[in-house]
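**Q** Okay, handing you the structure first.
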Amino acid sequence: MFDKLTKSIFINGEWKDVDDQKTETVYNPATLETITEVALGATAEADEAIEAASNAFPQWSTMTGRERGSILYKASQLMLEDADRLAKILTIEQGKPLAEALGEIKISANYLLWYAEEASRAYGEVIPSSNKSKRLLVIPQPVGVVGAITPWNFPSSMITRKIGPALAAGCTVVLKPASETPLSAIEIMKIMERAGIPNGVVNLVTGDAQAIGQSLLTNKAVRLITFTGSTGVGKYLMRESAEHVKKLSLELGGHAPSIVYADADIDKAATLVLGSKFRNAGQTCICTNRLYVHESIAEEFTAALTEKVKQMKLGSGLEDGVEIGPLINEKASEKVKSHIEDAVNRGAKIAYGGDAWDCDLDGYFYNPTILANTTDDMLVMHEETFGPVLPIQTFNEEDEVIKKANDTDYGLAAYLFTENTNRAIRVSEQLEYGIIGINDVYPAIAEGPFGGIKQSGVGKEGGHHGMDEFLEKKFVSIGIE
Ligand SMILES: NC(=O)C1=CN([C@@H]2O[C@H](COP(=O)(O)OP(=O)(O)OC[C@H]3O[C@@H](n4cnc5c(N)ncnc54)[C@H](OP(=O)(O)O)[C@@H]3O)[C@@H](O)[C@H]2O)C=CC1
Ligand SMILES: O=C(O)[C@H](O)CS(=O)(=O)O
C-alpha cells in the first residue's frame, strides 16, 4: 500500500529525507506483514524541529485567534473529506475495526473544529482593584514550544486532542508519534500543510523515542510536554522535566471499575459494558477493567453479557462486521495471557473465552474473555490489562463497592449503571476518578475535559480546560496617578 516513506520527518514546512538505512518498519498488526518503512529520526532531527518551532513561535503566537482558528477549521474539513481513506490507513497500522477507525477520524476532526472555535475565546480578566492607584489585568499568553508524544492506541485523535488546543492557544509543536502507528501522524501533517499552517508551526519527528524525548526534555525552548501513554513513561517524563521545570500534561494508564446496581437496566448496561470493555480490543485507557455487579442481579446480568460477547466477531479490522481486531503486538498478547493465567491460578473461573483466537491470520488475536469468581489479589484486578479481559465480582452494600472501586493507584475513568438519580450523584461524588460515566462509557468528546487524577495523569484535554493547559495567565499590575 505504501512505498518506503523515508520522508516521514516534517520540519519547518519540508519533508526531510534520511539515508535509506536509517528507517524503522511499520507492521500491520492483523497480519504482521510489513506496511512500509519510516524515517528513524533522533537527536539531530528533534533539535532541528525544536529550532523550527522556536523560530515560528513569534509570528504564530501574535496572529489573532481567528486567524489561527481558520487554519484549524480548514484542517478539520480536509480531514472529514478524506475520512474513509484516513480510517483505512489507521486500521491497517493499528488494527482496530474500520467502523471504530472512522469514528476516531471523525472525533479527530472534531477536536480541530472545537479548537478552531476556541482559538477566538482565550479570554483574560480585569480584576477590580482594592487599591485606587492600581489597575489589575490577567492576560492569557501561549506557553511557547510544545513537545507532544502520542500513543499507538488512538493514532489520530490523540494527536489532534493535543495539537488542536496547542495551536489554537498560539503554541508551536514538535510531535513524536508512536513507532507502531506513524502513518496517521504523517497524514495529519499533510492535512495541516494543505490547510496552510505556516512553516515550523507544527513539526513531526518519527523514530527513536528515547533520543527525541531527551531533546524535548533538555532543550529549554520546549516549555511544555504533553504525553499520552503508560504511567511508567509518564513518571519518567515528570522526573526528566524537573531540570527545566517544564509544564506537563499527562494522560496515563487507567483501571476503570464499572458498577452495575440492582436497579440498572440490564440490557442497556450489558451493552454499554461490552462496548467499554472490548472497544479497540480493550486497548483504551478508559476501558472497563473491573466489573462489579450487585449480587441480586449477578446471574441474570452475567448471562446477558456473556450472550452478547458470544456474538462478537473477531478478525481483520478491514473485514465487514468485525468488532474485535488484533492486539498491537506480541508483548500485549503476552500481558493478556499472563493476567488470565494468574487469575485462574488464584481461583478465577473462565466464564467465556480465555485463550488466543485460533485463526489463519498471523496477528495476535485474543478471544473476548469473561472471568468469574475473581478476588482482589489477582493481577487483573489492579494492573491495567489493555486487552479483552473482563473480571467480574459481585457486591452487596454500596459503601463496600465504592471502597473497592477506589482501591487503586489509578484515577482516570469509572462508570456506574443505575436508574436512581440520587444514587448516581451520591456515588459519583465519592468515586476518586477524573471522569465518571453514568449509564455512559464513551466520555471522550471534544468539548469535555478528559483527564485523570492520582497516577492516571495531570491536566485535562478537551473543552476550554484543554486550551488552558497551553496558556500562561500573565498578571499585569498598572500603577496610575
Ligand atoms: N493512557 C493511554 O491512553 C495509554 C496507555 N498505555 C499504557 O501503556 C502500556 C504500554 O504501551 P506502550 O505503547 O508501550 O506505551 P508507551 O508509554 O511506551 O508509549 C507511548 C508513547 O511514548 C513514547 N515513549 C516511550 N518511551 C519513551 C521515552 N523514554 N521518552 C519519550 N517517549 C517515549 C512511545 O514511543 P515509541 O512508540 O517509539 O516507543 C510512544 O510514542 C499499555 O499496555 C497501557 O497500559 C499505552 C498507550 C495509551
Ligand atoms: O487513550 C485512550 O485510551 C483514549 O483517551 C480513549 S478515548 O478518550 O479516545 O475514548
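The values are calculated or read from the model by the stated rules, or taken from the named source; none is laboratory data. None of the values given here were measured: they were computed from a predicted structure. Cβ placement follows ideal geometry from the backbone for every residue including glycine, while neighbour counts extend to all protein chains displayed. Each accessible area value is taken on the protein alone, full model and side chains, heavy atoms only, with ligands, DNA and RNA left out. Shrake-Rupley method; radii C 1.70, N 1.55, O 1.52, S 1.80 Å.
Here is a yes/no grid of residues against (1) part of a loop (DSSP other than H, G, I, E, B); (2) without any contact (Cβ under 8 Å) to a residue 40 or more places away in the chain:
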{"residue": "T306", "(1), (2)": "no, no"}
{"residue": "A332", "(1), (2)": "no, no"}
{"residue": "K335", "(1), (2)": "no, no"}
{"residue": "A351", "(1), (2)": "no, no"}
{"residue": "I370", "(1), (2)": "no, no"}
{"residue": "D376", "(1), (2)": "yes, yes"}
{"residue": "T385", "(1), (2)": "yes, no"}
{"residue": "T394", "(1), (2)": "no, no"}
{"residue": "K403", "(1), (2)": "no, yes"}
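**Q** Then there's this: May I ask you to verify whether Y433 is open to solvent by 30 Å² or more (accessible area, probe 1.4 Å), of a type in the set (F, W, Y), within 15 Å of ligand 1 (Cβ to nearest atom) and touching a residue at least 24 places away in the same chain (Cβ under 8 Å)?
**A** No: the conditions fail for Y433.
**Q** Filter region 128-174 down to residues that are more than 16 Å from ligand 2 (Cβ to nearest atom) and of a type outside the set (V, I, T), then give me how many there are.
**A** Counting residues in region 128-174 that are more than 16 Å from ligand 2 (Cβ to nearest atom) and of a type outside the set (V, I, T) gives 21.
**Q** For E37, which of the numbered conditions (1) free of Cβ contacts under 8 Å to residues at least 60 places away in the same chain; (2) not in a strand (DSSP E or B) fails to hold?
**A** All conditions are met except number (2).
**Q** Condition check: among the basic types (K, R) and within 16 Å of ligand 2 (Cβ to nearest atom). Does K460 satisfy that?
**A** Spelling it out, K460 is indeed among the basic types (K, R) and within 16 Å of ligand 2 (Cβ to nearest atom).
**Q** Taking the residues in region 263-285 that are in contact (Cβ under 8 Å) with a residue 60 or more places away in the chain and of a type in the set (S, T, N, Q) as candidates, determine which candidate is farthest from ligand 2 (Cβ to nearest atom).
**A** This residue is S276.
**Q** Answer yes or no: is there a residue in region 453-470 that is touching a strand residue (DSSP E or B) at 6+ places or on another chain (Cβ under 6 Å) and polar (S, T, N, Q).
**A** No, region 453-470 contains no residue that is touching a strand residue (DSSP E or B) at 6+ places or on another chain (Cβ under 6 Å) and polar (S, T, N, Q).
**Q** Considering every residue within region 458-474, establish whether at least one is over 30 Å from V173 (Cβ atoms), outside any loop (DSSP other than H, G, I, E, B), in contact (Cβ under 8 Å) with a residue 60 or more places away in the chain and open to solvent by 50 Å² or more (accessible area, probe 1.4 Å).
**A** Within region 458-474, none of the residues are over 30 Å from V173 (Cβ atoms), outside any loop (DSSP other than H, G, I, E, B), in contact (Cβ under 8 Å) with a residue 60 or more places away in the chain and open to solvent by 50 Å² or more (accessible area, probe 1.4 Å).
**Q** Scan region 267-278 residue by residue and report those that are in contact with a strand residue (DSSP E or B) (Cβ under 8 Å, 6 or more places away or on another chain) and closer than 23 Å to R423 by Cα.
**A** K268, A269, L272, V273, S276
**Q** How many of the residues in region 385-408 are surrounded by 15 or more Cβ atoms within 10 Å (Cβ to Cβ) and either among the basic types (K, R) or farther than 19 Å from Q430 by Cα (or both)?
**A** 11
**Q** OK, next. Given the options K134, K106, name the one that is open to solvent by 60 Å² or more (accessible area, probe 1.4 Å) and touching a residue at least 60 places away in the same chain (Cβ under 8 Å).
**A** K134
**Q** I'd like to verify a number: residues in region 308-330 that are free of Cβ contacts under 8 Å to residues at least 12 places away in the same chain and of a type in the set (G, A, S), how many?
**A** 1
**Q** Moving on to the next point. Can you name the condition, by its number, that A446 falls short on among (1) more than 16 Å from R161 (Cα to Cα); (2) outside any strand (DSSP E or B)?
**A** The failed condition is (1).
**Q** Further question: Checking the structure you have, find out if any residue of region 288-301 is on the phi < 0 side of the Ramachandran plot, within 25 Å of the chain's Cα centre (by Cα) and of a type in the set (V, I, T).
**A** yes
**Q** Tell me which residues, restricted to region 244-258, are outside any loop (DSSP other than H, G, I, E, B) and either within 16 Å of ligand 2 (Cβ to nearest atom) or under 23 Å from the mean Cα position of the chain (by Cα) (or both).
**A** K247, L248, S249, L250, E251, A256, P257, S258
Residues checked against (1) touching a residue at least 12 places away in the same chain (Cβ under 8 Å); (2) open to solvent by 10 Å² or more (accessible area, probe 1.4 Å); (3) of a type in the set (D, E, K, R):
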| site | (1), (2), (3) |
| --- | --- |
| A119 | yes, no, no |
| P128 | no, yes, no |
| V143 | yes, yes, no |
| I149 | yes, yes, no |
| P155 | yes, no, no |
| A166 | yes, no, no |
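**Q** Counting only residues that are in contact with a strand residue (DSSP E or B) (Cβ under 7 Å, 6 or more places away or on another chain) and more than 16 Å from ligand 1 (Cβ to nearest atom), which one in region 279-296 is most open to solvent (accessible area, probe 1.4 Å)?
**A** E295
Table: residues versus (1) buried (at least 18 other Cβ atoms within 10 Å of the Cβ); (2) in contact (Cβ under 8 Å) with a residue 24 or more places away in the chain; (3) not in a helix (DSSP H, G or I).
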site: P29; (1), (2), (3): yes, yes, yes
site: A52; (1), (2), (3): yes, yes, no
site: M63; (1), (2), (3): no, yes, yes
site: I71; (1), (2), (3): yes, yes, no
site: L86; (1), (2), (3): yes, yes, no
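**Q** Restricting to region 88-113, count the residues that are assigned to a helix (DSSP H, G or I) and within 14 Å of ligand 2 (Cβ to nearest atom).
**A** Final tally of qualifying residues: 14.
**Q** Within the group L217, L183, L237, which residue is buried (at least 24 other Cβ atoms within 10 Å of the Cβ), within 14 Å of ligand 1 (Cβ to nearest atom), at negative phi and not β-branched (V, I, T)?
**A** L183
**Q** Continuing with the same structure: F2 fails exactly one of the following numbered conditions: (1) surrounded by fewer than 16 Cβ atoms within 10 Å (Cβ to Cβ); (2) under 30 Å from F365 (Cβ atoms); (3) at pLDDT 95 or above; (4) not small (G, A, S). What is the number of that condition?
**A** (3)
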